[in-house]
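Taking it in order: structure first as structure tokens, then the write-up.
The values are calculated or read from the model by the stated rules, or taken from the named source; none is laboratory data. What you see is a predicted model; the values in this text were computed from it and never measured. Neighbour counts run over all protein chains shown; Cβ positions are idealised from the backbone, glycine included. Remember, those area values only see protein heavy atoms, side chains included, never the ligands or the DNA or RNA. Shrake-Rupley method; radii C 1.70, N 1.55, O 1.52, S 1.80 Å.
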Amino acid sequence: MEQTGGMLVRSISYNMLLQLSFRIVSFVLNSLLIRYVNTELIGTCNFRLQLLHSTIVFLAREPFKRAFPNIKLLLSRNEKLLNKSKTLNADDDDDDDENDKLKRQRESNVSSFRLFINSVWLTLPNGILLSIIFGYIWMFVLEKPDETLVANYELSVVFCCMSCCLELCAEPFNAVSNLFYLAKQKVIAEAISLFVYNTSFVALAIFVPSLGSMSFSIGCMIYSTIFVFTTARLVIKNVNLNEANKPILKQLVHSSQLTIKHFFPISDSSLKQSSSSSSSSSSSTINLAAKWFDIEYLKYVKSFYFQSIFKQLLTEGERYLITLFNLLTISESGVYDIINNLGSLIARFIFLPIEDQSYIYFTNSFKRGYTYKKQEEEAAETNAKKDLENPSNLNKTTTTNNSKRIFENLLKTVSLVGILVLVFGQSYAQLGLQIYGGDKLGKNFLYINMLRFHCVYLFLLAVNGVTESFYNATMSESQLNSHNYRLIKFSVIYLVNVLLLAKWLHIYGFVIANCLNMMLRIYYSIKHILKVFQGYKYLNDSYRSSGSADDVHDANDSYDIQKILLPQNFVLFTLILSLLLTKFSENIYWHNTVSLDGFINQYTVLHLIIGAFSGCLTLLVIYKKENQLSIFIKNFIKDRNKKI
């Protein structure tokens, strides 16, 4: 199954559609929560319990998700297992008839899929263990909310942990969805589940206040139940509907139809002889593990496991510090979460889908531990052999050439979007808070400036999403292990920055610490990218040898990634002009606006019109000046329309 750029853009568009619909619903429902529910309950549910849920699910699922193989790799493992099975059964081949030999071959052909699914099921015991550990901490170590304001806290923790374990039961289906690239089906399952979760949580919190924080946990249980059954149904149905999948299914499961039984743990019968013939106990343990699990896959899981821990610390570090050291009260943490979610609206709508899908694309399109030059040379050799066998393949472009362009255009897209958010966020932060939370948020300079700082963080987050996805997808196993140790340093530096900056700058310190953390991660990702594309240039697929007579080594051998990250001069001029124009407009709006009841007045309309004009002008300039990006967007729209 060949991964294409078209599949990537469709996946991103589906995920953006999910994020857009979900964030609109979430935006409306959270604005109701701010007005009708006390901030103590909001802080307990949206900050404390949400942190528990994300910690358990992320740590239990992320390392397995990051290590997911592609179809080609899974089929190549089939070949290894087949050869191993032939070796183990060589002594019996003379006595067996042809049917027995074919039977053993079929058993070996399905074993890589069996072992992979068995390995993915390890997310469940992993999640149960994490639920016990973190559930105990949340119930007996951390400060509890005021029982008069937030009821049923302990019971909420128990139900939240149960919902996490239930949600992890969908991972085998997500793994197959990843193998066959069923992005649309995953989006549908998440959209349905998230909509029901949000509406049930907000309805229970507002209309049944006696439930307290149980309203959140009940919503999580409903979400997990719907998500598991919807994902299972959609994945099985859509894999079977595609005729192109049937040859692959025959190799993986020895059947043209995928059924629910293929997702349950089954031992590999082709390795029974191996386990029974072992002499030592250590060898017996290894063979028993090989009979049930994909050892190669679990090696990568192990590498990603430590990386996932530090990634979670780096991503949610300020929340852990706020929770453990009581840097903010539960009520203040609720308001902080509201501001943070509003600031992250663009990140979750655009950047997160691109990051998730680009990682899958890079994993399928680039080889770990290879430079781009080495991969191109291998692709050229492979294509030359194919051309000799089939002359019709002549002059076809290689997948890697297209992959380099897609990487460059994705990074250019997110960097420009991040800059747009940075520029327009300075002038429209106050209006956004006024609409979102009324005078409680819109008249508070502390919250307004925090949201403005957050726009700077969003630009760095946008760049880090694609660069780190490429970094994680192209590192070798040894580089992964080295990066894990580096993440330990990042985590320590980040946590120290949060503690120090939070004391000096209070709530601003959290955002500034996040910015410094992102800058450090971007720096190391770019160092790796420069090594991979050494000798190449932006939008140029020709390799420049360092031995060329016309080369100036220091200048021409280095990949010019700065051209991707920074806009062209005329685009930069337009952005500065838009910033000045909208800041002037905001001053008029700020001095003339009143309360929420009257925020839609002539000055507000003027402020919005000037912002719309500036935004359209900036987008037009980007479209005209960033030619390669314009072509990429046109192909994106064309490919999506073809699919529709």
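Scanning the stretch 483-493 for residues that are farther than 16 Å from Lys302 by Cα and open to solvent by 70 Å² or more (accessible area, probe 1.4 Å), we see that the one that is modelled with the highest pLDDT is Ile493. Within the stretch 411-431, the only residue that satisfies the criterion of being open to solvent by 10 Å² or more (accessible area, probe 1.4 Å) and farther than 30 Å from Phe445 by Cβ is Thr413. Has the stretch 607-627 got any residue that is open to solvent by 70 Å² or more (accessible area, probe 1.4 Å) and at pLDDT below 85? Within the stretch 607-627 (the criterion being open to solvent by 70 Å² or more (accessible area, probe 1.4 Å) and at pLDDT below 85), the answer is yes, since at least one residue qualifies. Listed conditions (1) in a helix (DSSP H, G or I); (2) at pLDDT 85 or above are all met by Lys503, apart from (2). Within the stretch 223-257, being closer than 30 Å to Leu49 by Cα and either without any contact (Cβ under 8 Å) to a residue 12 or more places away in the chain or open to solvent by 60 Å² or more (accessible area, probe 1.4 Å) (or both) holds for Phe229, Arg233.
When the criteria are applied in full, Tyr523 meets the requirement of being more than 21 Å from Ser333 (Cα to Cα) and at pLDDT 90 or above. Restricting the stretch 444-477 to residues that are hydroxyl-bearing (Ser, Thr, Tyr) and in a helix (DSSP H, G or I), the residue that is most open to solvent (accessible area, probe 1.4 Å) is Tyr447.
Is it the case that the stretch 524-535 has a residue that's in contact with a Gly (Cβ under 8 Å, 6 or more places away or on another chain), in a helix (DSSP H, G or I) and open to solvent by less than 40 Å² (accessible area, probe 1.4 Å)? No: the stretch 524-535 contains no residue that is in contact with a Gly (Cβ under 8 Å, 6 or more places away or on another chain), in a helix (DSSP H, G or I) and open to solvent by less than 40 Å² (accessible area, probe 1.4 Å). May I ask you to verify whether Ile309 is in a helix (DSSP H, G or I) and open to solvent by 20 Å² or more (accessible area, probe 1.4 Å)? So Ile309 passes the test. When restricted to residues that are open to solvent by 20 Å² or more (accessible area, probe 1.4 Å), of a type in the set (Ser, Thr, Tyr) and part of a helix (DSSP H, G or I), the stretch 323-380 contains 2.
Residues of the stretch 136-164 that are under 23 Å from Leu327 (Cβ atoms), of a type outside the set (D, E, K, R) and in contact (Cβ under 8 Å) with a residue 60 or more places away in the chain: Trp138, Leu142, Pro145, Leu149, Val150, Tyr153, Ser156, Val157, Cys160. In the stretch 63-70, the condition of being at pLDDT 70 or above, part of a helix (DSSP H, G or I) and open to solvent by 50 Å² or more (accessible area, probe 1.4 Å) is met by at least one residue. Evaluating Gly509 against the criteria (1) over 19 Å from Glu62 (Cβ atoms); (2) at pLDDT below 85; (3) among the small types (Gly, Ala, Ser) leaves one unmet condition, (2). Would the stretch 179-186 turn up any residue that is in a helix (DSSP H, G or I), among the hydrophobic types (A, V, I, L, M, F, W, C) and more than 26 Å from Ala67 (Cβ to Cβ)? The answer is no; no qualifying residue exists. Restricting Leu516, Leu441, Leu480 to those that are open to solvent by less than 60 Å² (accessible area, probe 1.4 Å) and within 23 Å of the chain's Cα centre (by Cα) reduces the list to Leu480. All conditions in (1) small (Gly, Ala, Ser); (2) crowded, with 23+ Cβ neighbours inside 10 Å; (3) over 30 Å from Leu252 (Cα atoms) hold for Ala189, with the sole exception of (3).
The listed residues are Leu124, Leu130, Leu75, Leu155, and the only one of them that is modelled with pLDDT of 95 or more, over 30 Å from Ser333 (Cα atoms), within 32 Å of the chain's Cα centre (by Cα) and aliphatic (A, V, I, L, M) turns out to be Leu124. For Leu314, are the conditions met, namely being under 23 Å from the mean Cα position of the chain (by Cα), more than 21 Å from Ile493 (Cβ to Cβ) and at pLDDT below 80? No: the conditions fail for Leu314.
The set of residues in the stretch 210-220 being without any contact (Cβ under 8 Å) to a residue 60 or more places away in the chain and open to solvent by 10 Å² or more (accessible area, probe 1.4 Å) consists of Ser210, Ile218. Looking across the stretch 118-166 at every residue that is in contact with an Asp or Glu (Cβ under 9 Å, 6 or more places away or on another chain), part of a helix (DSSP H, G or I) and closer than 25 Å to Pro69 by Cβ, the one that is most open to solvent (accessible area, probe 1.4 Å) is identified as Leu124.
For the stretch 589-606, residues that are modelled with pLDDT of 75 or more, β-branched (Val, Ile, Thr) and open to solvent by 50 Å² or more (accessible area, probe 1.4 Å) total 1. Entry remark, the stretch 28-46: residues being in a helix (DSSP H, G or I) and open to solvent by 40 Å² or more (accessible area, probe 1.4 Å) number 4 in total. Evaluating Gln251 against the criteria (1) assigned to a helix (DSSP H, G or I); (2) under 30 Å from Phe159 (Cα atoms) leaves one unmet condition, (2).
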